[in-house]
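These notes concern the structure reproduced below.
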Amino acid sequence: MRVSFEWLCDLAGVHDLAPDQVAEALTLAGFSVEEVRPVDLSGILVGRVLEQQPHPSSRTPLWIHRVDLGDHTRTIVAGASNATPGSLVPVALPGTRVPGGTLVRDGKIAGVPAQGMLCAEDELLISDDHSAIMLLDEGHPGQRLEELLPSDAWLEVEVTPNRPDCLGHLGLARELAAALGRELDRPFMPPFTGGVEPPGTDLVTVEIEAVDLCRRYIGAPISGVRVGPSPRWLRRRLYAAGVRPINNVVDVTNYVALEYGQPLHAFDLARIAGRTIVVRRARPGETLRCLDGETRRLSPDMLVIADAERAVAIAGVIGGEESGVTERTTDVLLEAANFDGVGVRAVSRTLRLRTEASSRFEKGLSPELALAGARRAAALLAQVAGGRVHVNWVDAYPRPQEPVRVRLRPEQVDALLGVHVPLQEMEDILRRLAFQVRVGEDGYWDVLPPVFRLDVRLPADVVEEVGRIYGYDRVPPTLPGGRRTSWLPAAPSRDRRLDPLRHALAGAGYTEVVTPAMVSAALLERLGLADRVMRVINPISDEQDAMRTALLPSLLQVAVLNRNRGRASVAVFEVARAYLALPGPPRQPEEPLRLGVLRTGLSGPEEGRAAFLELKGALERALDAIGPVQVDYERAHAVGYHPGRCARVRVCGRPLGVVGELHPETMACFDLGGRAVALEIDLEPVLAMDLRRRARPLPRFPAVERDLAVVVDEAVEAAALEATIRSAGGALLESARAYDEYRGAQVPGGRKSVTFTMVFRSPERTLTDAEVNALVERIRSALAGEHGAAFRA
Amino acid sequence: MSGIEEIERRARAIAERALEAIAAADDEEALGRLRVEFLGSKSELMRIPKAFAGLAAEERPAAGRAFNRARSAIEEALARRAEELRRARLADLGASEAIDVTFPGRPPQVGRLHVLTRIQREVETVMERMGYHVEDGPEVETDWYNFEALNLPRGHAARDMQDTFFFNETEDLLLRTHTSPMQIRSMERLRRPPIFVIVPGRTYRRDATDASHLAQFMQVEALAVDEGLTVGDLKGTILYFAQSLWGAERRIRIRPSFFPYTEPSFEFDLSCGVCGGVGCRACGGDGWLEVGGCGMVHPNVLRNGGIDPDRYTGFAWGFGIERIAMLRHDVDDLRLFYENDLRFLEQL
């Protein structure tokens, strides 16, 4: 909320503090001041426009003004055309820095001398409006603007949603005073009630049909109003709070809303059919032309204010145009009502229309505030618009607000804050905040919050009030030090258990990435990964409208981004969740942790094959880093992968994912050149495995190592050869691993040579050459028999 | 060739020649050649014993002695010269094998862990030292855990503070907007205070993305529930945390604020590391950097987690991991963390 420093300090009775000091006091009391902007108007003069002509040669439309500044005239160029001859305008002369920040320079614009600037409202920090020159409705040429609009400062204050009572200057003034140890000398409820006959109840009737959505409706008739401009003090404060004056009646409703936080509305009583107000739900098909000029279609879940015939306002959101106050209005019906916050919020969301009124009502205002607002506004209308305020307003208030009483022991304050607050200080703080305290003989206090504080119901709420005014900087920091009688044993988190895997991959040259979990559903579909996808029904963009079912698309997007920025090859990995919908009615999905790895920028089939083998090796190292697991592979087909270069990864016999080169179509889908290898596996089953490492006795006898070059048909795979070798080698074969593949001069066409290293060892003795030779011979004949193998020397 | 004198003369002559050549040898390779030349199986010296057959039996010992004298003289000379050459070579090593030690090193190709992972781990480590326990839980949450149980009923204006992604029209399945649902889940799982947990994880808000807002980001949340916990304990815990992460000279402050799930509620700020709290451009002039939100757990929240609010109190605090990383590494745009431009990641 934008707050005028002058207004706030006037209400709080504070005259000795600078804006920054006030800002700090408010911030520490819980009203965060986001910005302090001094509005220094001392250099701005009032000018009268004598002539206005279009610029003869400029390509963008510009207007040349002759401006009377009292003792001289100047030529000033402006882009807006609304400063017609006779207008009074704010003028900044060269050398002046206007509050908005622009330094005015002497110069020429498109060949015409520009001897100053005509200011728009945004340049004077009066509003955000930059569309037109600000037009003044008083003043004389050469006068200092400050005489009309004194310099002030405004504070942008963040009022938390639990404190709608502070969406007005008065509420904040009470907080400021309390924080400074002072008390507001102004009662919450103004005494004014009007005095003209006949009574208001004879002039209008009010009926609340929808009592669930409207808790109170006050209609105060005020007759004989003279609509015209507001006095200067009132206009100045509206400007200072960022509201443009319209006419005295509307200005008063806005002024009181800014002061008390109670939204008000003024109807032209002559336009209220039947002089009857009905607060009801809208009828099907009903429409209303609103004050902003738009006609809105209403629905029966919306609350409206209606007269005898039709809707005249959308309750708590916006008024209707036809029933609004105009220059011809003489009798006004002042509305001060209380509408249900949840209801107003829903209507405002449906209509996509958030107004000053709706943003206050939706936080849940006290119905007691309506009467205070009505009294204040009626008094002001009598004062500034000459209105005659009738006695006995209509006040439909079927269920008056229940008083709240919070019982607590003052020790509870100390116990929750962790500091001793003296009883007298506690009581003073509460009184300054308009709470009443009754000290009981049983050691309990009965604390009665003021009627406008609906947020205080529990002892903890009272503690908060005391704490924030007492000052949390006075609470000494301590560490919880109770003697704990139970505890949880320390255990690494699942994520931390995966750190060795991350470090192993990083050591192998892969960089960890963290990518968004929301991706494009269309992309998942194109890649054939949309099977169990969870879709968001209200996405911000179609780039992020579904939860990812796989990590690979995100990794490919990382490759694309880096390619676009000049890095053609990346080696990246991510450990993150996939989100897999479960069948049946919508419910929480599975969120398994996955590992995804991608390496791009490979050229040619040979490099692809080498990278594939390296990736497998890196995976084995990475898995081994978290536990002694067995990894093996079998040929597989997987969506997105190369049909001849893809394997299923099995960890301790469980299929957990795939590794392979990516399909050219996948690469094309991301507009990536070259080749890439990738893998994606589920980590959940691995984390559930027994990952303890166990020491085995060291071998006591030497090993014998033999190489064997096996020539077989292309189709025979290393895993099959290894299986044969292992079963033929028996217990004395300690390990066997293929390490080279050869095609060429010494191998017939259609065949390949695969070289294995085999290690033989006995736990009981040193093997002799003859024994090993016999074993190798057995292996050779098994390979020849099962795979048609021949052997190279 | 015959006669003992002849044999003795020849052995002496060979030894003399050998010693001369050995003394002249100037590297170890040459010494190796001389060893073959003078002591090898085909050397002149080794042919001498073949002549012993022609000697009388009583002459043979003398001949053997002459042979052995020559051989050991040569062997000693070889060893001596080898040692001399070795010493000379080592003495000269600094010059003979010098390399340009200022030539740039050749680092192995390695990757690294993402900065957010590392910061998260650092945060966890600090908290684990204080006896907190890491919990994790679902990101796709129910309305109950994300809002209702946290004292945020439907239609509550405070829900607007956390614009939400939904999966169904009834809006009861959603992406968690904070890690706070884990407050309830942790209380349910652990049941009996003391409960000291920390919850890092991904969270989601329906915000337009810019340099300081992301629709997807990471939070860490700490929750403590025990008998007699106070606002002072909350302050002390955050101070310990802040000083562990940023240095012992740092201070914190808490400012009253509002969250439906805590009462009282606060924002917590860290004293600016550039100006030390005096106010400078880095902190926007007021000496403090906003870090996160905190408060004493609302009695309704404790009750919804199955904890008796008359017996126990609790405090909770949370912040964005990205925010910590930004403060630590001078990053001014949140989006960089999720874009994964490797040039960025490799800097941190």
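The values are calculated or read from the model by the stated rules, or taken from the named source; none is laboratory data. A quick note: this is a predicted structure, and the numbers were derived from the prediction, not measured. Cβ placement follows ideal geometry from the backbone for every residue including glycine, while neighbour counts extend to all protein chains displayed. Areas reflect the complete protein model, heavy atoms only, side chains present, ligands, DNA and RNA absent. Shrake-Rupley method; radii C 1.70, N 1.55, O 1.52, S 1.80 Å.
Could I have the simple spin-label model distance between A:V639 and B:R60, label points 7 Å from Cα toward Cβ, reported in nm to one decimal?
9.6
Quote the FRET efficiency, to the nearest 0.05, computed for A:R609 versus A:M689 with a Förster distance R0 of 22 Å and r equal to the Cβ-Cβ distance.
Numbers: r = 30 Å, r/R0 = 1.37.
Once rounded, the FRET efficiency stands at 0.15.
So, in Å, what gap is there between the alpha-carbon centers of region A:338-382 and region A:446-489?
31
What is the packing order of peptides B:158-167, A:392-401, taking the mean over residues of other C-beta atoms within 10 Å and listing the highest first?
With the highest mean Cβ count within 10 Å placed first, the list reads B:158-167, A:392-401.
Where in region A:736-758 does the amide nitrogen come within less than 16 Å of the point 7 Å from the Cα of A:A719, taken along Cα to Cβ?
Inside the label zone: A:737-738.
Summed for both chains, how many Å² of accessible area, to the nearest 100, are buried between B and A with a 1.4 Å probe? Display every interim value, and only then the final one.
On the way: alone 19270 and 38470 Å², together 50800 Å².
Rounded to the nearest hundred, the buried surface is 6900 Å².
What share of the DSSP beta bridges in region A:494-688 is antiparallel, in percent to the nearest 5? Walk me through the numbers before you get to the answer.
Numbers: 35 of 37 bridges.
Antiparallel bridges make up about 95 percent of those DSSP assigns within region A:494-688.
Could you let me know the centre-to-centre spacing of region A:403-417 and region A:115-184, using Cα atoms, in angstrom?
39
Keeping all protein chains in the complex and leaving out DNA, RNA and ligands, what accessible area do you get for B:I99 with a 1.4 Å probe, in Å² to the nearest 10?
We get 130 Å² for B:I99.
In peptide A:509-521, how many Cβ atoms from other protein chains are near each Cβ within 10 Å, on average?
For peptide A:509-521, the averaged partner shielding equals 6.
Give a quick list of trypsin sites (Lys or Arg not before Pro) in region A:415-469 that DSSP marks as loop, anything other than H, G, I, E or B, with at most 14 other Cβ atoms within 10 Å. It would help to have the intermediate numbers written out before the result.
Details: sites: A:R431, A:R432, A:R438, A:R453, A:R457, A:R468; in loops: A:R453, A:R457.
Passing both the DSSP loop test and the Cβ count: A:R457.
Find the relative contact order for region A:44-150 and round it to a whole percent, using C-alpha pairs within less than 8 Å whose residues are 6+ positions apart. Write out the running numbers ahead of the final one.
Values: 262 pairs, mean separation 32.5, N = 107.
Taking the mean separation of contacting Cα pairs over the length of region A:44-150, I get 30 percent.
In the P(r) worked out for the protein assembly as shown, what percent of Cα pairs fall beyond 53 Å?
Values: 293270 of 650370 pairs.
So the pairs more than 53 Å apart make up 45 percent of the total in the protein assembly as shown.
Taking the Cβ of A:E512 as the center, what net charge do the other residues with Cβ under 10 Å away carry, scoring Lys and Arg +1 and Asp and Glu -1?
Details: positive: A:R502, B:R112, B:R118; negative: A:E574.
Combined, the nearby Lys, Arg, Asp and Glu give +2.
Peptide A:570-576: average number of partner chain Cβ atoms within 10 Å per residue?
So the per-residue partner count for this stretch is 3.
Among DSSP beta bridges lying fully in region B:115-345, give the percent that are antiparallel, nearest 5.
Values: 42 of 44 bridges.
So the antiparallel bridges amount to about 95 percent of the total.
When the Kirkwood radius is taken over all Cα pairs of region A:268-333, what Stokes-Einstein diffusion coefficient follows at 37 °C and 0.692 mPa s, in µm²/s? Could the numbers behind the result be given before it?
Values: Rh = 11.9 Å.
Approximately 277 µm²/s, per Stokes-Einstein.
How many Cβ atoms of partner chains, on average, are near each residue of A:469-480 if near means within 10 Å of its Cβ? Don't skip to the end; give the middle numbers.
Values: counts 1, 0, 1, 11, 4, 0, 8, 4, 13, 10, 8, 16.
Counting Cβ atoms of other protein chains within 10 Å of each residue's Cβ and averaging gives 6.
Can you give me the Cα centroid spacing of region A:1-52 and region A:186-201 in angstrom?
First find each Cα centre; the distance between them is then 32 Å.
Could you work out the local net charge near A:L17, counting Lys and Arg as +1, Asp and Glu as -1, over the other residues with Cβ closer than 13 Å to its Cβ?
Taking every other residue near A:L17 into account, the sum is -4.
How many Å³ per residue does the convex hull of the Cα positions in region A:494-688 occupy?
Per residue, the Cα convex hull of region A:494-688 comes to 123 Å³.
Just the isolated ones, please: cysteines in chain B lacking another cysteine beta carbon under 4.7 angstrom.
B:C294
To the nearest 10 degrees, how steeply does helix A:248-260 sit against the main Cα axis of chain A, on a 0 to 90 scale?
Here the helix axis deviates by roughly 50 degrees.
What lysines sit close enough to B:K42 to cross-link, taking a C-alpha to C-alpha distance under 21 Å and skipping anything fewer than 8 places away on the same chain?
Partners within reach: B:K50.
What is the diffusion coefficient of region B:4-138 in µm²/s, taking the Kirkwood radius over Cα pairs and the Stokes-Einstein relation at 10 °C with a viscosity of 1.306 mPa s?
The Stokes-Einstein estimate is 75 µm²/s.
Given the convex hull of the Cα atoms of region A:406-473, what is a quarter of its surface area in nm²?
The number I arrive at for region A:406-473 is 4.1 nm².
Rolling a 1.4 angstrom probe over the protein chains, ignoring ligands and nucleic acids, what is the accessible area of A:R535 in square angstrom, nearest 10?
110
Taking 7 Å along the Cα-to-C-beta vector as the label spot, tell me the A:T485-B:K50 distance in nanometres, rounded to one decimal.
Result: 10.3 nm between the two label points.
Buried by at least 10 Å² relative to the chain on its own: which residues of region B:96-115 qualify, computing accessible area with a 1.4 Å probe on protein heavy atoms?
B:Q109, B:V110, B:G111, B:R112, B:L113, B:H114
Sort largest first and round to whole Å: the equivalent ellipsoid semi-axes of region B:115-345, each the square root of five times a Cα gyration tensor eigenvalue. Walk me through the numbers on the way to the answer.
Values: eigenvalues 146, 102, 54 Å².
Ellipsoid semi-axes (Å, largest first): 27, 23, 16.
Taking all protein chains together and a probe of 1.4 Å, list B:E346, A:E464, B:E339, A:E614 from the most accessible to the least accessible.
Heavy-atom accessible area, descending, gives A:E614, B:E346, B:E339, A:E464.
Run through the DSSP bridge list for chain A and note the antiparallel percent, rounded to the nearest 5.
The answer is about 95 percent antiparallel.
Test of understanding: in a Gaussian network model of chain B with alpha carbons linked when under 10 Å, which of B:L45, B:L270, B:L116 would top the mean-square fluctuation ranking?
B:L45
Hey, what's the protein assembly as shown come to in accessible area per residue, 1.4 Å probe, Å²?
Here the residues of the protein assembly as shown average 45 Å² of exposed surface.
Heavy-atom accessible area of A:T724 with all protein chains present, probe 1.4 Å, nearest 10 Å²?
Looks like 10 Å² after rounding.
Could you check the spin-label model distance between B:E37 and A:R494? Points 7 Å from the Cα along Cα→Cβ, value in nm.
Between B:E37 and A:R494, the label points sit 7.9 nm apart.
Ignoring ligands, DNA and RNA, please state the percent of accessible area on chain B from carbon and sulfur, probe 1.4 Å.
49
Given a cut-off of under 8 Å on Cα pairs at least six residues apart, what relative contact order in percent is computed for region A:406-473?
Computed over region A:406-473, the figure is 42 percent.
By the scheme Lys and Arg +1, Asp and Glu -1, what is the net charge of all other residues having a beta-carbon under 15 Å from that of A:F267?
On the way: positive: A:R271, A:R275, A:R289, A:R310, A:R328; negative: A:D268, A:D307, A:E309, A:E321, A:E322, A:D331, A:E335.
Within the 15 Å Cβ shell, the charges total -2.
Could you tell me how many degrees, from 0 to 90 and to the nearest 10, lie between the Cα long axis of helix B:231-246 and the main elongation axis, the longest principal axis, of the Cα atoms of chain B?
It works out to around 30 degrees.
Which order do you get for A:H130, A:H169 if you rank them by accessible area with a 1.4 Å probe, largest at the top?
Largest accessible area first, the residues go A:H130, A:H169.
Tell me what chain A gives for mean residue ellipticity at 222 nm when only DSSP H runs of n ≥ 4 count, each as -39,500 (n - 2.57), the sum divided by the residue total, rounded to 500 deg cm²/dmol.
-8000 deg cm²/dmol
Out of the total accessible area of region A:200-396 (probe 1.4 Å, heavy atoms of protein only), what percent is carbon and sulfur?
Values: 3270 of 7130 Å².
Carbon and sulfur atoms account for 46 percent of the accessible area of region A:200-396.
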